[in-house]
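Novice: Input: one structure, supplied below.
Each value in this text was obtained by applying a stated rule to the coordinates, not by laboratory testing. Note that the coordinates shown come from a computational prediction; the quantities given were computed from them, not determined experimentally. Note that we place each Cβ from the backbone using ideal geometry, even for glycine, and neighbour counts take in every protein chain shown.
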Amino acid sequence: MTKPRAVDVIIVGASLSAAAAAKRLVDAGYETVALERFSLPRTKPCSGIISPRGHRFLIENFGPLPGEVLHEPASCKGVTFYFPGGIELLMEFDGGKTPHLNRTYSDYWAIKRSRATVHDNMRFLSAVDHGSHVDVVAGNGQEEKRYRARYVIGADGPNSKVVSTLYSRYRDRIKWFTVKQHLHEIIDCPLDPEFFHYWFHPGLGYYTWSHLRNGRQIVGEGYEADDDFSARHAKALRYLEERHNVKLGPCITRESSVNNFGLSLINRYVFGTGVMPRMPLPKAWYKAGLAHRAATVAALGEQVGLPGLATAVERFNLMAAQGHDDDFGRGNSMYDRYYGDPAVTPNPNLAPLLKPPFYAVKVIPGDLGTCGGIRADEFARATRPDGSVIDGLYATGNCAGNAFGSYYPGPGATIGQGLTFAYIAAAHAAGKLS
Ligand SMILES: Cc1cc2nc3c(=O)[nH]c(=O)nc-3n(C[C@H](O)[C@H](O)[C@H](O)COP(=O)(O)OP(=O)(O)OC[C@H]3O[C@@H](n4cnc5c(N)ncnc54)[C@H](O)[C@@H]3O)c2cc1C
């Protein structure tokens, strides 16, 4: 057996997140090896829209972005959000355009600029923690490499082998989504080519997007892993044609990936885990007395011991009809309305409760958990289920719990948090943060 190579840090993955960590570590004088399962530059399905802060981060750490790491159009002005009721919200990025990254090349460029040693075509296989160091094995079928590292940083994406090494059942425990996009020939497309277009439409899927890339129009959808993408995609194409006069030819290329984020912000999404929009409540909830159902509001009130429920619901429905919540002011602010359901009028935060059966669930305020990945602290240090820190192990990007909880707030949010926490992990490992 070959002697393991001694290094300070192993980073698993060669993404932008990995590059951010690698840069900080190398700057601090740490011998750093990034392992990438594919040969670089590897293909990465991504729209490549980055937040203004993320853009500044890239410039500050890796220098000006060369043309070859960008798609055409080379920049994006902002995002247009569309709602089923016809409302359109155009949001320009604060501080001007941001680059339209070609993730295949931007990630390759950044990891090279980090000056870390990169071992590509080298898949992370296992890690054993010995307290003072971690033994890591990587391989590609023909060759196996062994490393002895002081630290390991997992930046290997949503389906993380680093995480499953520590938590063998993690993959079964989270909800998986598929994210697919097709690049179509353009016959006629009136959507502004300088913007990323995003539909919050329950009828189309959890989220649907479209934008121009290299002369092709992308149309993509996020949906539950076992759903029928072809039917969803055909529906989205029909909708874009009917609603926005977008006429597209055949699909030329397709990209997809599985992810542990996915739900649209709207669609009356009530329960954090397990029950997705429009899914029936589990029978076990009724049996356990957590959920109740009745044909009338009065009967429901009796079941749950709230005799005044029918009067309260009557009053609520009156306020929903008038569009003004005299009790709690729901829907008074733009913030509320943004997160409401625009298909509900006159107030997107007040949908009348009219259609039986009626349901009641006891709601107890609690903490929001992670989106799926390993729980990490403010220094990106991985923690055990009891909250104690696992020394020397950091997690960032989609292999870490999402900083936004169980939501995917929109384009730019995930690359941004990957970069941020990778940088923090590296700074902490280098002793520059405490
Ligand atoms: C279609 C689509 C569009 C998107 N558009 C946007 C957008 O516009 N803006 C945005 O901010 N986000 C977007 N995202 C999300 C974004 O791409 C990811 O959230 C982000 O890339 C996550 O970064 P990461 O570093 O965690 O993982 P990744 O970028 O997935 O990188 C993980 C790396 O680890 C490597 N790897 C995996 N397993 C191993 C292993 N065992 N050994 C060695 N290497 C391994 C992978 O090959 C990969 O290179 C999009 C995603 C999809 C699918």
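Novice: Which of the lysines could a cross-linker span from residue 3 if the Cα-Cα distance has to be under 30 Å and same-chain partners fewer than 8 positions apart are dropped?
Specialist: Here the lysines satisfying the reach criterion relative to residue 3 are 23, 112, 145, 161.
Novice: Could you tell me how many degrees, from 0 to 90 and to the nearest 10, lie between the Cα long axis of helix 413-429 and the main elongation axis, the longest principal axis, of the Cα atoms of the chain?
Specialist: Roughly 40 degrees, rounded to the nearest 10.
Novice: Specify the angular offset, from 0 to 90 degrees and rounded to the nearest 10, of the alpha carbon long axis of helix 229-244 from the longest principal axis of the alpha carbons in the chain.
Specialist: That helix lies at roughly 70 degrees to the long axis.
Novice: A follow-up question, please. For residue 391, what charge total do you get from the other residues with a beta carbon under 10 Å from its beta carbon, if Lys and Arg give +1 and Asp and Glu give -1?
Specialist: Details: positive: 150, 381; negative: 129.
So the environment of residue 391 carries a net charge of +1.
Novice: How tilted is helix 309-322 with respect to the longest principal axis of the chain? Cα atoms for both, answer in degrees (0 to 90, nearest 10).
Specialist: It is inclined by approximately 80 degrees.
Novice: Got a sec? How would 394, 151, 108 order by Cβ neighbour count within 10 Å, fewest to most?
Specialist: On the way: 394 29, 151 25, 108 22.
Taking fewest neighbouring Cβ atoms as first place, the list is 108, 151, 394.
Novice: Further question: In the chain, what percentage of the DSSP-assigned beta bridges are antiparallel, given to the nearest 5?
Specialist: In the chain, DSSP labels about 70 percent of beta bridges as antiparallel.
Novice: Something else now. Quick one: net charge of residue 94's neighbours, Cβ under 15 Å, K/R +1, D/E -1?
Specialist: Numbers: positive: 53, 56, 77, 97; negative: 92.
Taking every Cβ under 15 Å from that of residue 94, the sum is +3.
Novice: With equal scatterers on the alpha carbons only and no solvent term, can you work out the Debye log10 of I(q)/I(0) for the chain at 0.08, 0.13 1/Å?
Specialist: The Debye formula, applied to the Cα set alone, gives -0.53, -1.20.
Novice: Students often forget the sequence filter, so: which aspartates and glutamates lie under 15 Å Cα-Cα from residue 355 once same-chain residues fewer than 8 apart are removed?
Specialist: Within reach: 314.
Novice: Once every DSSP H run of n ≥ 4 in the chain is given -39500 (n - 2.57) and the sum is divided by its residues, what mean residue ellipticity at 222 nm do you get, rounded to the nearest 500 deg cm²/dmol?
Specialist: Result for the chain, helices only: -7500 deg cm²/dmol.
Novice: OK, next. Please state the shape class of segment 381-429: rounded when a/c is under 1.5, otherwise prolate if a/b exceeds b/c and oblate if not, all from the C-alpha gyration tensor.
Specialist: Note, shape of segment 381-429 comes out oblate.
Novice: Counting only GluC sites (Glu not before Pro) that sit in a DSSP loop (anything but H, G, I, E, B) with at most 13 other Cβ atoms within 10 Å, what is the longest stretch of the chain containing none of them? Walk me through the numbers before you get to the answer.
Specialist: On the way: sites that count: 143, 378.
My reading of the result: 144-377 is the longest stretch.
Novice: Taking residue 180 as the anchor, which lysines have their alpha carbon closer than 16 Å to its alpha carbon, excluding any fewer than eight residues away along the same chain?
Specialist: 44, 235
Novice: Applying the Karplus parametrisation 6.51 cos²θ - 1.76 cosθ + 1.60 with θ = phi - 60° to the phi angles of segment 113-128, what ³J(HN,Hα) value in whole Hz is obtained for each residue in order, glycine and proline being reported as x?
Specialist: 5, 5, 6, 6, 6, 10, 10, 8, 6, 9, 7, 5, 10, 7, 9, 10
Novice: Where does the charge balance sit around residue 40 when Lys and Arg score +1, Asp and Glu -1, over other residues with C-beta under 10 Å from its C-beta?
Specialist: Details: positive: 42, 112; negative: 36, 107, 120.
Its environment carries a net charge of -1.
Novice: Scan around residue 374 for amide H atoms under 5 Å from its own, H built in the peptide plane at 1.01 Å from N, and keep only partners 5 or more places away or cross-chain.
Specialist: Sorted by chain and number, the residues that satisfy this are 400, 401.
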